[in-house]
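All of the numbers you see were taken from the coordinates with simple rules; none came from a lab. Note that the structure is predicted; figures quoted are calculated from it, not measured. Cβ: placed from backbone, ideal geometry, glycine included. Neighbour counts: every protein chain shown.
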């Protein structure tokens, strides 16, 4: 795996690494503790699915006693990646969130090979173009890897051991 340090708090990695919305939440045992996963497939340009994904992620994290501030950050970053995949590609997308111990990993897969690059948009550009800057600044680690004909953009957050919801 090749990696580079992002200008935010998290590391950036590039290269190989570890229709209708369909939701699936499942618990599996990894032998050391629970591995909780949320999966959702999103149709092309199905922006109404963004708040549904955000809500499902919040429920998953709060049900597993993750702290509120980390849950808020996770929702924000997931919203940014899902929106990017739906707005900037002409295909469906898939989102997977995995909670293992105190770590959250969110992966958003699309079917376009072009890798996104964080950039600072012009000041008069309203609210567009800041998603990856937020991911870079707030995630503990994030990256992009090729997968099949497309790519996966992912981030990880330390969710702490729990706390008040």
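Take each peptide in 64-72, 79-87, count the other Cβ atoms within 10 Å of every residue, and average; sorted highest first, the result is 79-87, 64-72. Across segment 38-86, the mean sequence separation of Cα contacts (distance under 8 Å, 6 or more residues apart), normalised by length, yields a relative contact order of 49 percent.
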